[in-house]
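Participant: Please find one structure pasted underneath; my questions will follow.
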Amino acid sequence: MFPNPLTIPALVLVPLICGAASLMIRSDYLRRIVLISAAAIHLFFAVTSGHAPAVLSGWLALDALGQLFLCIVSVLFLIASIYGVGYLAREKGTAKQGLFDAELGTLLVNSPESLLTGCLLFFLSAMTLVCVSNHLGLLWVAIEATTLASAPMIYFHHRRQSLEAAWKYLLICSIGIALALFGNFLLAVSTSTVHGGELPLLLDQLLRNASSFHPQWLKPAFIFLLVGYGTKMGLAPLHTWLPDAHSESPSFVSALLSGALLNCAFLGILRAQQILTAAGLAFFGQELLVGFGLLSMGFAAAFIVQQPDYKRMLAYSSVEHMGILALGVGLGGTAVFGAMFHAVNHSLTKGMLFLIAGNILSVMRTKTASDIRGLSRLIPFTAALWMAGFLAITGSPPFGTFLSEFTILKSALEQGHYIVAIAYLLILSVVFIAMASIIVRMVQGNPLRNPEPRASREPWLMILPPLFLCMLIVILGLYMPPALERLLLDAATVIGGAS
Amino acid sequence: MLDMIFVLLILTGFVFLGSGRLQFGIRTLAVQGILLGLIPLLEGGSAWWGRISALVILSIGIKGFALPYFLTRAMRKSNVLHEDNPFLGFTPSMLVGILCLGGSFWLASRLPFLDSSQPQMAVAVSLFNVFVGLFVIISRRKALTQVLGYLVLENGVYIFGVAFTVNVPLLVELGVLLDVFVAVFVMGIMIFHISKSFDHIDTDQLSSLVG
């Protein structure tokens, strides 16, 4: 594929323009077509974006790391939006009958569909900007923009709880990101020791000159960036917004929040780690990442045990997997490759699980796991995928997650971090048992009640997208495509992991 | 002149801590926004004047006028005019403020400085406002007061940026301002929704999502 100078602008602008357009389009069908085609065009440009030339005098550029995260975002967005179209059509049907909320005693009215579609596309545009930013200030602006674009989507159902979740999300993430801005300023001050005055915050220039930065400014800069972007990524103990937001938003939005957005925030931390590594302070950042990683895994495991709400269970599982990513990068060496591979696997698996959770929710109308029995008789395809997704997310052998989690473990053992390795294994097994006891009970047994006529339960538009994701994860577990392997290796090299 | 602005910025922080009337808090914030906007003018760096004037006009316009206007509207619509019952009273809050101030100057004196004493003052003022913002978010109940706290924190971070004349391009500065503007705009809409569906904007009662 020869380089196309329009690739990067198109990636950012296509969803932006389509988003603005879909706010104005009246017809639901036309708007849904715009959504899907924007997602498809985005995916085309994302896959062919290798060696795309930098634009805006180097402000927007793609390296292997950015491209990897961009591809994850794009694949997941297309699949989630196909599912979302089916979801919105269904939602419109039920909205006509009127959905009565017993708790509130009023009729629930969703946000207009045009607002949701518009926000989805703005969200895609903002996440793309995160991936292609080569300027740390611009990266900050883009990450804050993802918060603003996604907050209205969490409030789509206009329930009290979704309002609470959206409020917490917006406030906590905005505060976190304000701290990251402080980190950016500190970083800028640390560059003032470079001969010839301060540098612009362009990533490649920073990396080239990092060895002469002032370490006493660089270290606090990293801490602020880690805490700030870590809030958005869902690292404990600043993850408190995450389970609320992920459990209250419509399921395909949760899939995007968990599979795409958290990765984008992680990218912010990885950029900071890149600069530390170039400045010869890699060890300082790695220790912090290992600490935060294990802490997040531990917190998440504690909340997954006996979790009554199955969507919250998935949300805490995201906290756990973000911990695994941080841990992998913190360990360095081959674990960095494992972490990059795990980012791909986690996004696909968690996307699939949230979509399946959406199917279960729309049939059973409850998020309480103990109220659900006998899914395998009521909705057999969904139940099978739910089980498969459970096995995949806990890292069982035929799936890609097994390989990536194993790579990280192996690297920890090779480097002699035995305590880290034991804690890692222990937490993974606790999570496996806890999730098994919740999910197996939901799938097996006799149904407690028969909610809806069988015909309308599993439309193909709600089965095919998660099925496709499931197949991708199985394929990644059995065969690594050479193009992906190259991309993962390049991305790992960018962060400083040996291959 | 610049020192005077820094002193005023500290004073606005204290006024903000000690006031329970939301309208007064919003006005204090507006004053802070205008003071902030003036800093780049007084520094007289070598930067291009067009860039400076654009920054000054936009940041005063947004932080000094647009945001206070939106906040006042949100306050009227939600019909909450007073922070009734903070977790920590207003007089103890002032004491916490004094502790924050001492802490900020101590921290600022410990950082390695490259040239004059001026940035040291700026860092202390900046940290002070960050601490005040965080404290207000934690210790007050009303959703609107928490937004005000967020803005004080944001102002604190911004002081650091302008005081060091950190080499941030205009486009990024504008992006930052735009983000803050949209954030407050969305928060204002949500406060209205919260007051509509809960009959109050006390965030300590937004607690159905736990565990």
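The values are calculated or read from the model by the stated rules, or taken from the named source; none is laboratory data. Computed from a predicted model, the values in this text were never measured in an experiment. Neighbour counts are summed over all protein chains in view; Cβ atoms, including those assigned to glycine, are modelled from backbone coordinates with ideal geometry. Accessible surface areas use protein heavy atoms only, side chains included; no ligands, DNA or RNA. Shrake-Rupley method; radii C 1.70, N 1.55, O 1.52, S 1.80 Å.
Participant: How many residues does segment A:370-404 hold that are under 24 Å from residue A:75 (Cα atoms), in a helix (DSSP H, G or I) and open to solvent by 10 Å² or more (accessible area, probe 1.4 Å)?
Facilitator: 8
Participant: Restricting to segment A:118-168, what's the tally of residues that are of a type in the set (Gly, Ala, Ser), over 22 Å from residue A:184 (Cβ atoms) and facing chain B (nearest Cβ under 10 Å)?
Facilitator: 4
Participant: Taking segment B:124-162 only, how many residues are more than 8 Å from chain A (Cβ to nearest Cβ), farther than 19 Å from residue B:187 by Cα and β-branched (Val, Ile, Thr)?
Facilitator: The total comes to 4.
Participant: Does segment A:3-23 contain any residue that is assigned to a loop (DSSP other than H, G, I, E, B) and buried (at least 17 other Cβ atoms within 10 Å of the Cβ)?
Facilitator: no
Participant: Test residue A:230 against the criterion of being under 15 Å from the mean Cα position of the chain (by Cα), surrounded by 24 or more Cβ atoms within 10 Å (Cβ to Cβ), in contact (Cβ under 8 Å) with a residue 60 or more places away in the chain and on the phi > 0 side of the Ramachandran plot, and give yes or no.
Facilitator: No; evaluated as a whole, the condition is false for this residue.
Participant: Among the residues of segment A:227-273, what is the count of those that are under 18 Å from residue A:299 (Cα atoms), away from every other protein chain (no Cβ under 14 Å) and assigned to a helix (DSSP H, G or I)?
Facilitator: 4
Participant: Among the residues of segment A:15-59, write down those that are within 16 Å of residue A:71 (Cα to Cα) and either of a type in the set (Gly, Ala, Ser) or in contact (Cβ under 8 Å) with a residue 60 or more places away in the chain (or both).
Facilitator: Correct list: A:15, A:38, A:39, A:40, A:42, A:46, A:49, A:50, A:52.
Participant: Would segment B:116-126 turn up any residue that is closer than 21 Å to residue B:203 by Cα and surrounded by fewer than 14 Cβ atoms within 10 Å (Cβ to Cβ)?
Facilitator: No.
Participant: Out of the residues in segment A:194-208 that are surrounded by fewer than 18 Cβ atoms within 10 Å (Cβ to Cβ) and of a type outside the set (D, E, K, R), state the one that is nearest to the other protein chains (Cβ to nearest Cβ).
Facilitator: Here the answer is A:197.
Participant: Could you list all residues from segment B:187-206 that are among the aliphatic types (A, V, I, L, M), facing chain A (nearest Cβ under 8 Å) and more than 26 Å from residue B:160 (Cα to Cα)?
Facilitator: Of everything in segment B:187-206, those that are among the aliphatic types (A, V, I, L, M), facing chain A (nearest Cβ under 8 Å) and more than 26 Å from residue B:160 (Cα to Cα) turn out to be B:190, B:194, B:206.
Participant: Here is a follow-up. Taking the stated definitions as given, is residue A:218 over 19 Å from the mean Cα position of the chain (by Cα) and within 13 Å of chain B (Cβ to nearest Cβ)?
Facilitator: yes
Participant: Sticking with this one: Out of all the residues in segment A:181-193, which are open to solvent by 30 Å² or more (accessible area, probe 1.4 Å) and at the interface with another protein chain (Cβ under 7 Å from one of its Cβ atoms)?
Facilitator: A:192
Participant: Filter segment A:169-180 for residues that are within 9 Å of chain B (Cβ to nearest Cβ) and open to solvent by 10 Å² or more (accessible area, probe 1.4 Å) and give the result.
Facilitator: A:171, A:175, A:179
Participant: While we're on this one: Scanning segment B:22-41 for residues that are in contact (Cβ under 8 Å) with a residue 40 or more places away in the chain and closer than 12 Å to residue B:72 by Cα, which turns out most open to solvent (accessible area, probe 1.4 Å)?
Facilitator: Result: B:27.
Participant: Another one. Going by the conditions given, is residue A:69 at negative phi and open to solvent by 30 Å² or more (accessible area, probe 1.4 Å)?
Facilitator: For residue A:69, the condition - at negative phi and open to solvent by 30 Å² or more (accessible area, probe 1.4 Å) - is not met.
Participant: Which one of these does residue B:172 not meet: (1) at pLDDT below 75; (2) part of a helix (DSSP H, G or I); (3) within 7 Å of chain A (Cβ to nearest Cβ); (4) open to solvent by 20 Å² or more (accessible area, probe 1.4 Å)?
Facilitator: (4)
Participant: Grab the helices (runs of 4 or more DSSP H) fully contained in segment B:17-122, keeping just those with 3 or more residues being under 26 Å from residue B:176 (Cβ atoms) and modelled with pLDDT under 85.
Facilitator: Fully inside segment B:17-122 and qualifying: B:22-43, B:49-59.
Participant: Select, from A:408, A:324, A:422, the only residue that is free of Cβ contacts under 8 Å to residues at least 24 places away in the same chain and either farther than 17 Å from residue A:465 by Cα or surrounded by fewer than 20 Cβ atoms within 10 Å (Cβ to Cβ) (or both).
Facilitator: None of the other options fit; the residue is A:422.
Participant: Another question, if that's okay. List the number of the failed condition for residue A:50; all other conditions in (1) small (Gly, Ala, Ser); (2) modelled with pLDDT under 80; (3) surrounded by 15 or more Cβ atoms within 10 Å (Cβ to Cβ); (4) part of a helix (DSSP H, G or I) hold.
Facilitator: Every listed condition holds for residue A:50 apart from (4).
Participant: Right, next: When segment A:149-161 is examined, which residues are found to be crowded, with 24+ Cβ neighbours inside 10 Å and assigned to a helix (DSSP H, G or I)?
Facilitator: Answer for segment A:149-161, where residues must be crowded, with 24+ Cβ neighbours inside 10 Å and assigned to a helix (DSSP H, G or I): A:150, A:151, A:153, A:154.
Participant: Return the only residue of A:350, A:367 being basic (Lys, Arg) and surrounded by 24 or more Cβ atoms within 10 Å (Cβ to Cβ).
Facilitator: The match here is A:350.
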